[in-house]
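Chemist: Mind looking over this structure? Questions follow.
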Amino acid sequence: MNLPESKFVKYKNFSVSDGTIINDLLIAYQTWGNLNQKKDNAILICHGYTNHHFACDKNIGWFNNLMGSGKAIDTDKYFVICSNMLGSSFGTTGPKSINPKTKSPYGSDFPKIKNIDIINVQKILIENLGINQLNTILGYSFGGHLVYLWATEFPDMIKKVVSVAGALDRWDVSKEKIELIEKPFSDCKDWNNGHFYSSKSSEVINALIDYRVNVLNHYGFGNYLLHLNHDSQAVQTIILEAAQGWASHFDPNSLIILRRANIGSSAKDKAFKIKVPILKILAKTDKVTNMEEGYTTIKYLKSLNIDCNLVELNTPFGHYGPMCDGHEWSKSLKKFVDYKIL
């Protein structure tokens, strides 16, 4: 997987919720379109758990079907920003970054961040770009949860929220589930408690590839490829190549750190602070965030007199469906984003 060049913002002495100070925080991001003079046409996109900030790119853009010139999120009209999450592996400070105390990668010693730290870093970027209020914040999967946190923590900084395959709270994340993610790596002889970077062995990388293959199949990517008339052998070849490309950039420590950041993360108790309309997008076939969660969330938000709507997608491609079958909700997205809120 060849990555485009990123843009970067540097920030001194970022305070993590565990009390750690990151002396030289680096935030990787990408933008599309132009910020207008009023600076009121900005949209922030929050990517998923294992994804990157190149949301719109002809080769690896995961949001290509819905964003670009003349599309639902029209880059001729809006200034769109997507930043790599704190703790991820695509340029923002994370476990692969150098720990100034040891002069080696942080690895498993990376600060124990929470989701609130991730959105605080996004807020730093937005403010650095001179933006006081976002027209819309949109998130997919993990990012679909982060947008709810934005709506409760920074309600005056956003006008609209779009949550795609995201949950109001992360009730399904536990210490035991994180240990299951970590085990295939800790079983590798070169893992070294997460400090595997100097090893010549490929065990960790192979475990990472296996993880990604399983995720892509679980998300429905394999079913999508079958739909494109690839035979089953070709599907597994494509998935394996995609997993290998991803594993050449991603750090298994990020899998653990970002999953741990979700423990106890919830916007439910503070949902009464939400001041803006919400558009929730969910596929009926999604095995990651199911429809029952969607119905429960909408019912709860409406009980708080929050303007919210659920768009149910018929796509057969599960968690991957909203991205590959963007035509099912592009009109709803465009109408929502273009709606003027005074």
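The values are calculated or read from the model by the stated rules, or taken from the named source; none is laboratory data. Note that the structure is predicted; figures quoted are calculated from it, not measured. Glycine also receives a Cβ, built like all others from the backbone with ideal geometry; neighbour counts cover every protein chain displayed. Protein only, heavy atoms only, side chains kept; ligands, DNA and RNA dropped before computing areas. Shrake-Rupley method; radii C 1.70, N 1.55, O 1.52, S 1.80 Å.
Chemist: Residue by residue through the range 309-342, note down the ones that are farther than 25 Å from LEU225 by Cβ and crowded, with 20+ Cβ neighbours inside 10 Å.
Modeler: PHE336, VAL337
Chemist: With a cut-off of at least 3 residues that are of a type in the set (Val, Ile, Thr), name the helices (runs of 4 or more DSSP H) lying wholly within the range 217-322.
Modeler: Answer list for the range 217-322: 232-247, 291-303.
Chemist: Got a sec? Which of GLY130, GLY91, GLY87 is assigned to a loop (DSSP other than H, G, I, E, B), open to solvent by less than 10 Å² (accessible area, probe 1.4 Å), at positive phi and in contact (Cβ under 8 Å) with a residue 24 or more places away in the chain?
Modeler: Matching residue, one of GLY130, GLY91, GLY87: GLY87.
Chemist: May I pose another question? If you check LYS58 against the conditions, is it open to solvent by 10 Å² or more (accessible area, probe 1.4 Å), closer than 27 Å to LEU216 by Cα, free of Cβ contacts under 8 Å to residues at least 60 places away in the same chain and out of contact with any Lys or Arg (no Cβ under 9 Å at 6 or more places or on another chain)?
Modeler: Yes, satisfied.
Chemist: Which of the residues that make up the range 152-172 are surrounded by fewer than 19 Cβ atoms within 10 Å (Cβ to Cβ), more than 16 Å from ASN262 (Cβ to Cβ) and charged (D, E, K, R)?
Modeler: Correct list: ASP156 only.
Conditions (1) surrounded by fewer than 19 Cβ atoms within 10 Å (Cβ to Cβ); (2) touching a Phe, Trp or Tyr at 6+ places or on another chain (Cβ under 6 Å); (3) of a type in the set (Phe, Trp, Tyr); (4) without any contact (Cβ under 8 Å) to a residue 24 or more places away in the chain, marked per residue:
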| site | (1), (2), (3), (4) |
| --- | --- |
| VAL16 | no, no, no, no |
| GLY19 | yes, no, no, yes |
| ILE22 | no, yes, no, no |
| TRP32 | no, no, yes, no |
| LYS38 | yes, no, no, yes |
| THR50 | no, no, no, no |
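Chemist: Could you please give the count of residues in the range 102-145 that are in contact with a Ser or Thr (Cβ under 9 Å, 6 or more places away or on another chain) and small (Gly, Ala, Ser)?
Modeler: Qualifying residue count for the region: 5.
Chemist: Just give me the residues in the range 191-203 being surrounded by fewer than 19 Cβ atoms within 10 Å (Cβ to Cβ), under 16 Å from ALA247 (Cα atoms) and not hydroxyl-bearing (Ser, Thr, Tyr), in sequence order.
Modeler: LYS200, GLU203
Chemist: Going by what's in this entry, would PRO105 be described as surrounded by fewer than 24 Cβ atoms within 10 Å (Cβ to Cβ), touching a Phe, Trp or Tyr at 6+ places or on another chain (Cβ under 6 Å) and either within 23 Å of VAL173 (Cα to Cα) or not polar (S, T, N, Q) (or both)?
Modeler: Here the answer is yes, as PRO105 does meet what is asked.
Chemist: (1) surrounded by 23 or more Cβ atoms within 10 Å (Cβ to Cβ); (2) at pLDDT below 95; (3) more than 21 Å from VAL173 (Cβ to Cβ): which one isn't true of ALA242, the others all being true?
Modeler: With (1) surrounded by 23 or more Cβ atoms within 10 Å (Cβ to Cβ); (2) at pLDDT below 95; (3) more than 21 Å from VAL173 (Cβ to Cβ) applied to ALA242, the lone miss is (1).
Chemist: Okay, moving on. Out of ALA207, ALA234, I need the residue that is surrounded by 16 or more Cβ atoms within 10 Å (Cβ to Cβ), in contact with a helix residue (DSSP H, G or I) (Cβ under 9 Å, 6 or more places away or on another chain) and among the small types (Gly, Ala, Ser). Which one?
Modeler: ALA207
Chemist: Right, here's the next one. If I filter the range 68-114 down to residues being touching a helix residue (DSSP H, G or I) at 6+ places or on another chain (Cβ under 9 Å) and of a type in the set (A, V, I, L, M), which single residue comes out as nearest to SER330 (Cα to Cα)?
Modeler: Of everything passing the filter in the range 68-114, ALA72 is nearest to SER330 (Cα to Cα).
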